[in-house]
Each structure stands twice: as structure tokens, then as C-alpha cells.
1. Check A:SER175 against each of (1) among the polar types (S, T, N, Q); (2) more than 19 Å from A:ALA95 (Cβ to Cβ); (3) surrounded by 13 or more Cβ atoms within 10 Å (Cβ to Cβ) and name the one condition it does not meet.
2. For residues in the range A:92-128 being among the aromatic types (Phe, Trp, Tyr) and touching a residue at least 24 places away in the same chain (Cβ under 8 Å), which is nearest to B:VAL275 (Cα to Cα)?
3. Just name the residue that is farthest from the chain's Cα centre (by Cα) out of those in the range A:54-67 that are without any contact (Cβ under 8 Å) to a residue 24 or more places away in the chain, within 18 Å of A:ALA249 (Cβ to Cβ) and in a loop (DSSP other than H, G, I, E, B).
4. For the range A:69-81, check the following and say yes or no: at least one residue is more than 19 Å from A:PRO259 (Cα to Cα), more than 14 Å from every other protein chain (Cβ to nearest Cβ) and without any contact (Cβ under 8 Å) to a residue 24 or more places away in the chain.
5. Just to be sure before I move on: is A:ASP40 surrounded by 13 or more Cβ atoms within 10 Å (Cβ to Cβ), among the acidic types (Asp, Glu) and not in a helix (DSSP H, G or I) in the structure I sent?
6. Among the residues of the range B:51-71, is any within 14 Å of chain A (Cβ to nearest Cβ) and at pLDDT below 90?
7. Name every residue in the range A:142-163 that is closer than 11 Å to A:TYR217 by Cα, more than 7 Å from every other protein chain (Cβ to nearest Cβ) and not hydroxyl-bearing (Ser, Thr, Tyr), in order of residue number.
Amino acid sequence: MERQSRLFSLFIHACALLLAVVILAPVLWLFVMSISSPADLSAKPLNWWPDEIDLSRYAELLSTAQNSAGAAFVASLFNSLTVAGLATVAAIAVAIPSAWAVSRTPSVSWSLYAVIATYMLPPVALAVPLYMGLAHLGLLNNVFGLALVYLTILAPFTTWLLKSGFDSIPREIESAAMIDGARLDQILRLITLPLAAPVMATSALFAFLLAWDEFFYALLFTSDQRAKTLTVAIADLAGGRVSDYGLIATAGVLAALPPVLIGLIMQKALISGLTSGGVKG
Amino acid sequence: MSGTWITTRAWLLMLPLLAVMIAVIGWPLADTVRLSFTDARLVGTEGSFVGVENYAKMLGNSNFLRALVTTTWFAVVSVFAEMVIGVLAALLLNQQFRGRTLLRALMILPWALPTVVNATLWRLIYNPEYGALNAALTQIGLLDGYRSWLGEPGSALTALIVADCWKNFPLVALIALAALQAVPRDITAASLVDGAGPFNRFRFVIMPYLAGPLLVALVLRTIEAFKVFDIIWVMTRGGPANSTRTLSILVYQEAFSFQRAGSGASLALIVTLLVTVLAVAYAALVRKAAGAT
């Protein structure tokens with residue numbers, strides 16, 4: 001281990017402090033806005049810390065009273081959970097057999113590149129026909145319709161992650177079971193899938209976060225409380241005539257909470273997924 | 001078991017995925033191509049065949065050229081800044097200091113924040129009347145009066161780029177840090193003994209380990225930045241005076257605001273082609289880099 005000079009160590013600590021401030025300041029400010037009174041937020045000079053902590057907006061947004069801001073927010077929260085949950089389950093279900101097949105059959109591995117290539121497609125290239133198709137099926141402004149559309153993003157993505165997960169499970173274990181007379185479904189169910197459980201969980205979390213984050217399709221294909229997701233609800237708040245910025249900030253904090261908690265708890269798994277599997281889109 | 005059976009079995013196992021991909025990607029893409037040669041409206045008229053008229057109209061349109069320039073500028077500047085700041089942050093996080101574990105953990109925060117929440121947060125920070133940026137700069141004495149950062153064509157795009165960088169540089173940093181940790185200790189130690197200065201050490205000892213992962217991050221980020229929609233829609237909707245209108249925003253306006261499905265589709269395919277060129281260049285670069293090491 002090299003010995004650091006005192007000056008260099010001081011420099012490193014100063015830089016680390018700067019980086020911490022850059023990362024934390026905007027996030028903390030979002031939180032402070034959510035607990036400051038409207039008067040504090042519009043004061044000049046600005047009150048950087050509220051005189052009194054005001055939690056009323058959390059209560060307001062999470063209330064389910066008829067026609068309140070809360071009713072719309074809670075509805076969009078449930079829509080986001082439903083759409084992201086449905087799309088994740090469907091994506092993992094179609095990705096498992098194909099990822100395994102690609103992992104174990106080199107002769108078809110080129111098909112994986114075709115699948116990954118679709119991930120590069122800009123959503124605008126699919127949006128118009130998807131809109132017309134959903135309208136034709138009566139699935140506009142519908143959580144099932146939106147979840148179906150989210151498969152355009154989640155299905156290639158999870159297949160890609162799961163394939164690299166299956167690659168790291170030795171084929172010899174499967175061959176041994178086959179020699180012992182196990183059928184393919186038994187091998188998958190009893191041996192491969194349990195071994196792949198961690199990577200399946202990581203892939204599912206990634207997929208869920210992607211769907212939770214999605215905005216473009218949700219903006220196009222949903223129009224009211226029946227299907228509007230959280231991201232659209234927040235964009236509505238930010239772009240609308242809401243005069244209380246604290247309310248917008250509170251909605252932001254609540255929407256950020258699940259992915260931030262997942263991110264902090266799952267940090268190790270997420271980073272190894274990021275570095276091996278690529279980058280979240 | 002015979003090879004043909006194994007291949008057949010693989011295709012059978014892929015059937016569900018292929019069916020889904022054809023339904024939600026293959027068919028829409030093909031239909032976008034068909035629509036791009038028609039004058040179809042989003043709702044109502046089916047439209048009739050008009051040949052390459054849409055393409056000619058879009059390519060000759062000054063709005064398209066301006067959006068292309070805006071998009072390229074956004075992508076190049078934000079990705080370049082994210083790479084430089086990301087690598088610097090990774091080098092820092094690889095040093096010894098108190099609170100290193102905590103700071104590494106905090107890097108996940110901007111990445112985990114949903115894109116729309118990030119855009120909303122920065123929109124509030126840039127607010128012309130009550131925003132934190134105006135307040136902070138005025139209180140320090142760097143600014144005389146409050147400014148409308150997102151409301152002036154001169155500063156809006158830069159303000160967007162800052163917001164995008166803040167969200168994305170930590171990801172580059174985490175990828176670079178993972179690569180740095182793979183540099184064997186004895187190699188850096190040996191280079192120290194050999195008397196290599198900090199710059200030469202970075203260039204010749206560390207960079208070979210960083211190049212591969214960074215290249216992947218670079219090109220994926222570039223493609224993402226080229227497709228940018230969410231952050232711009234939430235913060236400026238392409239304004240003021242169309243100064244932040246990128247290609248995706250332009251397609252949205254053409255196809256959905258003006259409901260011109262035909263010309264919107266042709267514009268979307270032009271964007272797709274540009275992204276494809278980027279992606280192919282990416283594949284070539286990565287293959288070349290893989291061959292070099």
C-alpha cells in the first residue's frame with residue numbers, strides 16, 4: 001500500500017466532500033421542499049430549512065377521499081404497480097425458456113443479437129401502429145394494454161440478463177441429471193431454475209424498475225385515472241397549474257421511494273448486473 | 001440426441017418470446033414502414049399511398065434539421081460530460097478516504113431516481129420565481145436578479161444537459177469503478193516502483209482496463225441520449241421557441257399533436273435509421289477494441 005502524503009489526502013477528502021454535496025443536495029432539496037410550508041418555499045431570501053415541518057402533503061396525497069389530489073395520486077400509484085407487475089411477470093415468463101435455449105444451444109445464439117438489436121429501437125418507431133392497434137382492440141387507457149406494450153422493452157431486456165445468468169450455471173449439472181434419466185422439464189424445474197433464482201430475482205427487479213420509470217408510452221396510451229401511471233401523474237402535476245411546489249416535490253419523493261430503496265438495498269447485485277449485462281435504458 | 005432435434009427444441013422454447021416480439025415489435029415496425037408511405041391520419045382516414053413524399057417533405061424541412069442539430073448537441077455534450085465526470089468520480093472513489101463506502105452507496109441515488117422525478121426536481125430547482133438555483137446564486141452574490149433558466153432559449157438546453165448529466169454520470173462512475181477494482185494491485189505497484197507519474201500510470205496502466213466497459217457505456221449512453229424524450233418533455237416540452245425540440249419531440253408533435261401519422265412515421269424511421277447507424281458503429285468499435293486487447 002502506497003503511503004499518501006498529508007496534502008494529497010486532504011485534496012482527496014475535499015473532492016469526496018464536493019462529490020457528496022453534488023449527489024446529495026438535489027435529492028435533499030426535493031425532500032426539504034416536500035416538508036416545507038408554501039410560505040417557506042416562496043420566501044425571499046429562500047428558507048433553506050422549514051421553521052416547522054409540514055407533513056400535510058403526504059397525508060393529502062395518500063388520502064383516498066373522493067375527487068381529491070390524493071385520489072388521483074393513489075390511483076396512479078396502483079396503476080404503476082399493476083402495469084409494472086404484470087409486465088415483469090409476463091416478460092420473465094417468456095424470457096426463461098428462450099434465455100435457457102439460447103444459453104444451451106450455440107446454433108441459435110444469433111437470434112439473441114436480433115432480440116438485443118430491437119432494444120436499440122426508438123419507441124417513436126413503434127408508437128403510431130401501437131396506438132392504432134390498441135385503439136382497435138379497445139385497450140387504450142387500459143393497464144393490460146400498457147403492460148402489453150411494455151413487453152417491447154422488458155422482454156428483450158430480461159432475456160438478455162437471464163441468458164448471461166444461465167451461462168454461469170455449468171451445463172455438466174444438467175447433463176448429469178439427463179444421464180440419470182431426468183426429463184427436460186424436471187431438469188429445469190428441479191435443478192436449473194433454483195440455481196438461477198438470484199439472477200431471476202435481479203432481472204425481475206430491473207424489469208420492474210424499467211417499467212416503473214417508463215413515461216413515453218404511458219403518456220401516449222393512457223388518459224385518465226383508470227390507467228394513468230405515476231410518471232404521467234407527476235408530469236401532469238409539474239406541467240399543470242399547481243401553485244404549491246411542495247405538493248409536486250412530495251409526489252416526486254413518493255414515486256422515487258421504491259426504486260431508491262431497491263437501489264440502496266440491492267446495490268451489489270444491481271452493479272454487477274449493470275457491468276455485466278449493460279446499462280439501464 | 002441429434003443436433004437437429006436440439007436446434008428444433010431451442011426454437012420451440014423460444015416460441016413464446018418470438019410470438020410476443022412479432023406482436024409488439026415486428027408488426028408495429030413493419031406497419032410504421034407502410035404508414036410512412038401514406039398520408040394516413042392518426043384517427044379516422046386510412047390514408048392513400050403517396051410514395052416518398054413524406055420523406056422528401058421531412059428531410060427538406062428546416063424543423064427537422066434544427067431538431068437534428070439540437071439532438072446531436074444534447075447527445076454529444078451530455079455524454080462527453082458524463083464520461084469525464086464519471087471517470088474522475090470513479091478515480092476518486094477508488095482512493096482511500098473516510099466515508100468511502102457510504103459515498104459509493106450514495107452514487108446509486110441519482111440513477112435510481114425515476115427520470116420523470118429527476119426532470120420535475122430540476123424544473124423546480126430552475127424555477128424562475130422560487131427556484132433554489134436562483135436563490136443560491138443570488139444569496140452568494142453571483143447573480144443580480146432571478147433568471148428564467150428554462151424560459152430563455154439561450155440557457156434552456158444547457159440547463160437540460162446539466163440535469164441529464166447529474167442523473168447519468170453516477171452510472172458511468174459505478175461502471176468505471178468496477179473496472180478500476182479489476183486492475184491488479186501488483187501492476188499499479190510495479191508501475192510506481194518503475195517511477196511512472198500519475199498521468200502515465202492512468203494512460204498506460206489503468207486505461208487498458210477501463211477502455212472496454214467505458215466504450216460500452218459510451219455508446220449505449222449516446223444511443224439513449226439520441227432518443228431522449230422524457231426529461232425534455234417534462235422540463236420544457238421542446239420550448240422555449242423550440243430551442244430544446246429534439247427529434248423524438250418532433251416525431252411526437254407530428255404524429256400525435258398534429259395527428260399526421262404518415263409523415264410522423266417517416267420521421268420516426270429517419271430517427272431509427274440514425275440510431276441504427278450509431279448502433280452499427282458501436283458494434284464495430286467494440287469488436288475492434290475486443291480484438292486489440
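1. (3)
2. A:TYR119
3. A:LEU55
4. yes
5. Spelling it out, it is not the case that A:ASP40 is surrounded by 13 or more Cβ atoms within 10 Å (Cβ to Cβ), among the acidic types (Asp, Glu) and not in a helix (DSSP H, G or I).
6. yes
7. A:GLY145, A:LEU146, A:ALA147, A:ILE153, listed by residue number.
Okay, residues lined up against (1) at pLDDT 95 or above; (2) of a type outside the set (Asp, Glu); (3) surrounded by fewer than 17 Cβ atoms within 10 Å (Cβ to Cβ):
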residue: B:TYR146; (1), (2), (3): no, yes, no
residue: B:GLY154; (1), (2), (3): no, yes, yes
residue: B:LEU160; (1), (2), (3): yes, yes, no
residue: B:ALA179; (1), (2), (3): no, yes, no
residue: B:VAL183; (1), (2), (3): no, yes, yes
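The values are calculated or read from the model by the stated rules, or taken from the named source; none is laboratory data. Keep in mind that what you see is a predicted model, and the values were worked out from it rather than measured. All Cβ positions, even for glycine, are placed from backbone atoms using ideal geometry, and neighbour counts span all protein chains on display.
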